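The values are calculated or read from the model by the stated rules, or taken from the named source; none is laboratory data. Everything numeric in this text was worked out from a predicted model, so none of it was measured. Every residue, glycine among them, receives a Cβ derived from its backbone with ideal geometry; neighbour counts consider all protein chains shown.
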Amino acid sequence: MAFRVGVVGVGPVGDRILRVLKERDFSIEGAPVVMATRERVEMLADEEVLVRKVAPELFEGLDVVFFAGREGAKGASVEWGRVATDAGAWVIDNGGDFRMTPGYALIVPEVNMDAVSEENRHICSPNCSTIQMVVAINPLHRAAGVKRIVVSTYQAVSGWGQRAMEEFEHQVSRYAAGEPVEFDPSVFAKPIAFDCLPHIGSFKDGLYTSEELKMVYETRKIMEEPEMAITATAVRVPVVIGHAESVNVEFERPLSRHEALEILRDPEQSPGVTVIDDPQELQYPTQADCLADEHKDAVLVGRVREDPSVEHGLNLWCVSDNLRKGAATNTVQIAEGLIERDLLA
Ligand SMILES: NC(=O)c1ccc[n+]([C@@H]2O[C@H](COP(=O)([O-])OP(=O)(O)OC[C@H]3O[C@@H](n4cnc5c(N)ncnc54)[C@H](OP(=O)(O)O)[C@@H]3O)[C@@H](O)[C@H]2O)c1
């Protein structure tokens, strides 16, 4: 069976959705209906694509619409999500507008695909940093029970969207030419070439940023652990694509490095995880590694080691492509999960 597919938003995430659909041979009837704020022809996933100006009639007859627009009141899924579901389509949404709204499923297929329900056809895909952390942590949680997580992120500029990638390129070329680095404070508050900014999103209660709070609340919702203790520090780093995270986990029960690696290396227990962990041989994952073809949809885990400063503690390092597993791939996997459950029709 083939499905009629729509994509709203053609920034780096929209581009990756079209790529991932092709790579995974997602069964599409005709060409996907690709929409953004204005009509034009654009190179997407290495093809010239007609991008239509989003309009209600374009949703008619679609089975599934992937949303990769901007967030907020004038954002794509607030404006068009209901239009799409009213037209009968499933919505799979990369944006953050509805992730924490009761009744909206927040899905990482390796962890909680069974949380989808036909009653609400608007499914949310989590924040990129949350996705890679729960893919790595959930198998260990099942084995030893997570008591507390302390996570620090090292997030690529592409996590902010197309404008941020262009802004970084501009800053880098000025930096390389020995010129003063100009910057647009509406993208990053300070120059990102070459510096690390402990500031992603906006500052909220308790002076945590919105990105840090997303990691706390979204992780609890996905893992169905409303009381789980989590604290996060989110840092933007001068990397184009790929987020890394240093994760310190305290478990209820003992879990050695050896046991954790056995679990993480087992694809049945740890779907989506690839372990790169042989420090003596300088084997550990870096952000560049997640761009390699064999790793592009994986969550790479390494530097697993016991933390003697707490009872039952472990440290690990995880890396993933924020535009693929952190966004596009996760949404296409959700659509595949709907097909497996005979829900997409
Ligand atoms: N980048 C990441 O690592 C990442 C990871 C996880 C989730 N996300 C989420 O995924 C979404 C897309 O991210 P991105 O980085 O690709 O963003 P982006 O570069 O800002 O691109 C946004 C796209 O959405 C379109 N758009 C914006 N408002 C719209 C509206 N009201 N109706 C229709 N189209 C609209 C824009 O159209 P025009 O081109 O016509 O301006 C543009 O093509 C965001 O919600 C983001 O938070 C991103």
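Residues in segment 55-67: is at least one part of a loop (DSSP other than H, G, I, E, B) and modelled with pLDDT under 95?
Checked against the condition, which is being part of a loop (DSSP other than H, G, I, E, B) and modelled with pLDDT under 95, segment 55-67 yields no hits at all.
Within segment 1-27, which residues are of a type outside the set (D, E, K, R), more than 8 Å from the ligand (Cβ to nearest atom) and either outside any helix (DSSP H, G or I) or touching a residue at least 40 places away in the same chain (Cβ under 8 Å) (or both)?
MET1, ALA2, PHE3, VAL5, GLY6, VAL7, ILE17, VAL20, LEU21, PHE26, SER27
Of the conditions (1) touching a Lys or Arg at 6+ places or on another chain (Cβ under 7 Å); (2) within 18 Å of SER320 (Cβ to Cβ); (3) not assigned by TED's automatic domain parsing to the domain that holds VAL299, VAL91 clears all except one; give me its number.
Here VAL91 meets the rest and fails (2).
Sort through PHE98, PHE67 and tell me the only one that's near the ligand (Cβ under 10 Å from one of its atoms) and surrounded by 20 or more Cβ atoms within 10 Å (Cβ to Cβ).
Answer to the selection: PHE67.
Output yes when any residue across segment 71-89 is more than 10 Å from the ligand (Cβ to nearest atom) and under 14 Å from the mean Cα position of the chain (by Cα), and no when none is.
no
Given the criteria acidic (Asp, Glu), within 15 Å of the ligand (Cβ to nearest atom) and out of contact with any His (no Cβ under 8 Å at 6 or more places or on another chain), does GLU118 qualify?
No: the conditions fail for GLU118.
Determine, yes or no, whether VAL135 is assigned to a helix (DSSP H, G or I), within 16 Å of the ligand (Cβ to nearest atom) and in contact with a Gly (Cβ under 9 Å, 6 or more places away or on another chain).
So VAL135 fits the description; yes.
I'm trying to understand the selection: among the residues of segment 68-110, which are in a loop (DSSP other than H, G, I, E, B), in contact (Cβ under 8 Å) with a residue 60 or more places away in the chain and hydrophobic (A, V, I, L, M, F, W, C)?
Of everything in segment 68-110, those that are in a loop (DSSP other than H, G, I, E, B), in contact (Cβ under 8 Å) with a residue 60 or more places away in the chain and hydrophobic (A, V, I, L, M, F, W, C) turn out to be ALA68, ALA89, MET100, ILE107, VAL108.
Could you count how many residues in segment 35-48 are out of contact with any helix residue (DSSP H, G or I) (no Cβ under 7 Å at 6 or more places or on another chain) and assigned to a strand (DSSP E or B)?
Residues meeting the conditions: 7.
Please work out if GLY30 is in a loop (DSSP other than H, G, I, E, B), out of contact with any Lys or Arg (no Cβ under 9 Å at 6 or more places or on another chain) and more than 7 Å from the ligand (Cβ to nearest atom).
For GLY30, the condition - in a loop (DSSP other than H, G, I, E, B), out of contact with any Lys or Arg (no Cβ under 9 Å at 6 or more places or on another chain) and more than 7 Å from the ligand (Cβ to nearest atom) - is not met.
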